[in-house]
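Here's the structure, in structure tokens; my notes come after.
The values are calculated or read from the model by the stated rules, or taken from the named source; none is laboratory data. If you're wondering where the values come from, they're calculated on a predicted model, not measured in any experiment. Cβ atoms come from the backbone with ideal geometry, glycine included; neighbour counts cover every protein chain shown. Accessible surface areas use protein heavy atoms only, side chains included; no ligands, DNA or RNA. Shrake-Rupley method; radii C 1.70, N 1.55, O 1.52, S 1.80 Å.
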Amino acid sequence: MDISTIVGLVLGLVFVIISILLNGRISLFFDLPSVMIVVGGSISALLIAYPLPKFLEGLKTVKHAFSNVELDATGLIQQINELALAARKEGLLALEEMAQKMDDPFLKKGILLIVDGTDPELVRSIMETELTFIESRHKDNQGFWSTFAEFGPAWGMIGTLIGLIAMLDSLDDPSTIGPKMGVALITTLYGSMIANFFATPVANKLKVKSNDELLLKQVMIEGLLSIQAGENPRVIEEKLKAFLSPSVRNSFSDENINAEN
């Protein structure tokens, strides 16, 4: 589980509930018609905006905001270093057996391409094309949640207008003005909560995770092409370390990197 997502949701709910209790009762902030207008309206608009398969796929991507897939850049560089050493000692064909033991399909595909003797430019083209489509799918998923974030406040405003119309219809009874005004404002609150407490944060979390994944795949491409070019393993390591942030680069252990030397 991605602990930051869980902690963020829990803290947000705690702060909101405490602030409500300090100013009134929780029951004042729950209104079923308002929930139906904002949540139901937003989901209905999403169904109009996306074909059903895309809509369902977009909903499923919320799991990525709660899951934590380990992306170990230093471990990947160590793995590529091992591949480079094996290729240097035994030739590129030795990498085929190592590829069968790898879980990452992208890395495995790249290794098999260079083992088959594919032209380096074609290897780069094939892998970068796949990378482009991966990035495109990620952006589509991020866009789904960004669109949800846009619809939430809009439907909150629609609910507010509905509440104001109902309030104006009963101006002859002053006792109903306060409650109906409260209901009208609650829809705006719900819309803002959908956008700023859930949909926008999920879209941003997906963007961060996507950037990390794409960076690792860029490391894979450069590493494999360097192996194919017959570059020195130490040179390959230094080249790939340039992809890391300064803090990660500084903590990169030379002892672990050169364990196979």
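State all residues of the stretch 6-36 that are farther than 23 Å from Val202 by Cα, without any contact (Cβ under 8 Å) to a residue 24 or more places away in the chain and open to solvent by less than 90 Å² (accessible area, probe 1.4 Å); if no residue qualifies, say none.
Ile18, Ser19, Ile20, Gly24, Ile26, Ser27
Just for the stretch 220-250: of the residues that are buried (at least 18 other Cβ atoms within 10 Å of the Cβ) and under 23 Å from the mean Cα position of the chain (by Cα), which one is nearest to Asp119 (Cα to Cα)?
The selected residue is Ile221.
Out of (1) surrounded by fewer than 11 Cβ atoms within 10 Å (Cβ to Cβ); (2) free of Cβ contacts under 8 Å to residues at least 60 places away in the same chain; (3) of a type outside the set (Asp, Glu), the odd one out for Ile3 is which?
(2)
When both residues are 6+ apart or on different chains and their Cβ atoms are under 7 Å apart, which pairs have a first residue that lies in the stretch 116-142 and is under 30 Å from Glu97 (Cβ atoms), and a second that is open to solvent by 60 Å² or more (accessible area, probe 1.4 Å) and hydrophobic (A, V, I, L, M, F, W, C)?
Taking only residues 6 or more apart or on different chains, the pairs are Pro120/Ala229.
Can you tell me which residue in the stretch 109-137 is nearest to Lys209 (Cα to Cα), limited to those that are outside any loop (DSSP other than H, G, I, E, B) and polar (S, T, N, Q)? Write out each step before concluding.
Step one: of the stretch 109-137, the residues outside any loop (DSSP other than H, G, I, E, B) are 109-115, 120-137.
Remaining after also requiring polar (S, T, N, Q): 125, 129, 132, 136.
Working: Ser125: 24, Thr129: 20, Thr132: 16, Ser136: 14 Å.
Checked the stretch 109-137; the qualifying residue nearest to Lys209 (Cα to Cα) is Ser136.
Can you pull out the residues in the stretch 37-48 that are under 21 Å from the mean Cα position of the chain (by Cα) and surrounded by fewer than 16 Cβ atoms within 10 Å (Cβ to Cβ)?
Ile43
Lys217 is checked against (1) among the basic types (Lys, Arg); (2) without any contact (Cβ under 8 Å) to a residue 40 or more places away in the chain; (3) surrounded by 15 or more Cβ atoms within 10 Å (Cβ to Cβ) and fails just one. What number does that condition carry?
Against the list (1) among the basic types (Lys, Arg); (2) without any contact (Cβ under 8 Å) to a residue 40 or more places away in the chain; (3) surrounded by 15 or more Cβ atoms within 10 Å (Cβ to Cβ), Lys217 comes up short only on (2).
Restricting the stretch 75-115 to residues that are within 29 Å of the chain's Cα centre (by Cα) and among the basic types (Lys, Arg), which is farthest from Leu216 (Cα to Cα)?
So the residue we want is Lys101.
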